[in-house]
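Report on the following structure.
The values are calculated or read from the model by the stated rules, or taken from the named source; none is laboratory data. Model, not experiment: these values are computed from the prediction. A quick note on method: Cβ atoms are made from the backbone with ideal geometry, for glycine too, and the neighbour counts reach across all protein chains shown. Calculation scope for accessible area: heavy atoms of the full protein, side chains included, ligands and nucleic acids excluded. Shrake-Rupley method; radii C 1.70, N 1.55, O 1.52, S 1.80 Å.
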Amino acid sequence: MKIYLDNAATTKIDSRVAEAMMPYLTEHFGNPSSLHSFGRDSRSAIEKARKKISALLGTQPANLFFTSGGTEADNQAIISTIVAHKIPRAISSPLEHHAVLQTLEQLHKNGQVELKLLEVDKQGNFNQAQLSNWMEEVPQSFVSLMQANNEIGNIYPVEEIAAEVKDRGGFFHSDTVQTTGRLRHDLAQWKTDFMVGSAHKFHGPKGIGFLALRQDVKIPAYIYGGSQERNMRGGTENLMSIVGMAEAFEISITELDTNRKHIEGLKNRMKELIVAGIPGVGFNGRSAESDSMYTILNVSFPESESGEMLLFNLDINGVAASGGSACSSGSEIGSHVLRGIGANPARASVRFSFSKFNTMEEVEHTAALLCRLYSK
Ligand code: PLP
C-alpha cells in the first residue's frame, strides 16, 4: 500500500483537470499573441480562465495575473511594490515561506529596504502589538504575512492586519498558497493588497499560479520582453496550465465543503489514534487546534532512537510525509519554522498533510504503523 500524506508539498492532479488540459496540449496550439484564428482560440481560453478564477475570488479579471507559481507571484508582489513605491520598511515573520523571506532578505541586503521580523511564540503566534508599534514608526511599510503556515498549519488573522496596515497607509501582501482552493476568499471584501495562488496545491498542474491585486493597486512589470499579461509579465503564456488551473480552482471551490468535511475527519482520526497509541506525542504550532488548517498535522514525536530514522521508516513502509526538525547543525539544515518556534531539536517532527484523495483506511494504516514504530 502506497500512501501519500504530503499534500502541503503538492497534490495529485484531478483527472478532470488533466482532461480539460489535453486539447491545449494537442489541437489548440496557437500562440495566444497571434492574430489569426489559431491564436485567437488560445487567447480566448486564457481570458475564459482568467474570468472563471477572478469570479470565484470575487474580483475583476483585470486584477488577476498569471505567473509560474506561488514563488514568482510572491516575488512579483514584494519586489515590484517595494522598488516602485520606494518603501522604506518591510515587516514580516520568521515563519514565512522562503519565497517571501529570502526575497525580502535579498532586497534588504541590496540596501533597498529595512527588514523587521516579528517575534513569534512557541505556538507560532506573532506579536501583533509589535507590528502596530513598527507601523506607527513607519506607516508606509510593506507588510507580508501568510494566511496559513505550510509547516505548522497556523491560520493568521490576515484581514484584521490588512485593515490596520491600510488604515495607516502601508501595503499588505499575504502568501495564500496554502489556503487558495482550500478556504474561500472574497476579494470584493478583502483589504489585502496582494494574494497568491499555486495550482499544484489544489490538484492542478505544477508551474502555474497567479497574483491577484486589490482593485486600484498598481505595480509595474515584473518580467520584461513582451506585452503579455497586460505588460506585467513578458513571455508566451503557459496555455494548457492556465486552462488546467482554472478547472482545478473551479472544482476546489465548488466541492470545498464536502472535501473539507472529509479531510477534517481524516486529520482528527490521525490525531486521536496517535495520541492514544504513542505516550508523550505532541504537536507543533497550533496544528492540533481546531482553528488551524484542516489539511495539516505537524506531529512532534517523543525522543527515541526511532526518531532519527522515522521518515525513512515511513517511506520504506510506503508512507510519504515531510520531515522537518529544529536542528541546525551538520549537513541537515532543518526547518526554519520549527527553529523559529523553538521546537525541541531532539524530538522528530513529521508533517502529515491530507487531501480529498486520502481515505480513512490510509490514515488508520499510517497511525498503526507509527504506533508500532514507537512501541519498540
Ligand atoms: N508559499 C507557500 C506557503 C508554499 O507552501 C509554497 C509551496 O511550497 C510556495 C509559497 C511556493 O509555491 P510554488 O511551488 O508554486 O512556487
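What to note about this one:
- H98 meets the conditions (1) closer than 30 Å to I242 by Cα; (2) buried (at least 17 other Cβ atoms within 10 Å of the Cβ); (3) within 16 Å of the ligand (Cβ to nearest atom) in every case but one. The failed one is (2).
- Test: L118 is open to solvent by less than 30 Å² (accessible area, probe 1.4 Å), touching a helix residue (DSSP H, G or I) at 6+ places or on another chain (Cβ under 6 Å) and either of a type in the set (F, W, Y) or away from the ligand (no atom under 16 Å from the Cβ) (or both): yes
- Cβ pairs under 9 Å, 6+ apart, first in the stretch 281-300 and within 20 Å of N259 (Cα to Cα) and without any contact (Cβ under 8 Å) to a residue 12 or more places away in the chain, second part of a loop (DSSP other than H, G, I, E, B) and open to solvent by less than 10 Å² (accessible area, probe 1.4 Å): E289/G153; E289/N154
- Scan of the stretch 67-95 for residues that are over 15 Å from the mean Cα position of the chain (by Cα), of a type in the set (V, I, T) and within 16 Å of the ligand (Cβ to nearest atom), ordered by number: I78, I79
- Unique match (being over 20 Å from the mean Cα position of the chain (by Cα) and open to solvent by less than 70 Å² (accessible area, probe 1.4 Å)) among A49, A55: A49
- Matching residues, the stretch 203-219, being of a type outside the set (A, V, I, L, M), out of contact with any Asp or Glu (no Cβ under 9 Å at 6 or more places or on another chain) and within 11 Å of the ligand (Cβ to nearest atom): P205, K206, G207, F210
- Search result, residues across the stretch 133-148 that are within 26 Å of G181 (Cβ to Cβ) and either open to solvent by 30 Å² or more (accessible area, probe 1.4 Å) or assigned to a loop (DSSP other than H, G, I, E, B) (or both): L145, M146, Q147
- Scanning the stretch 149-172 for residues that are under 29 Å from S349 (Cα atoms) and either part of a loop (DSSP other than H, G, I, E, B) or open to solvent by less than 30 Å² (accessible area, probe 1.4 Å) (or both) yields N149, N150, E151, I152, G153, N154, Y156, P157, V158.
- When residues in the stretch 101-114 are screened for being open to solvent by 30 Å² or more (accessible area, probe 1.4 Å) and either in contact with a strand residue (DSSP E or B) (Cβ under 8 Å, 6 or more places away or on another chain) or at pLDDT below 95 (or both), 3 of them pass.
- Any chance A212 is part of a strand (DSSP E or B), assigned by TED's automatic domain parsing to the domain that holds M21 and under 20 Å from E96 (Cα atoms): yes
- Taken together, the residues in the stretch 183-205 that are touching a helix residue (DSSP H, G or I) at 6+ places or on another chain (Cβ under 7 Å), open to solvent by less than 40 Å² (accessible area, probe 1.4 Å) and part of a loop (DSSP other than H, G, I, E, B) amount to 7.
- From S353, S290, residue being surrounded by fewer than 21 Cβ atoms within 10 Å (Cβ to Cβ) and under 29 Å from E96 (Cβ atoms): S290
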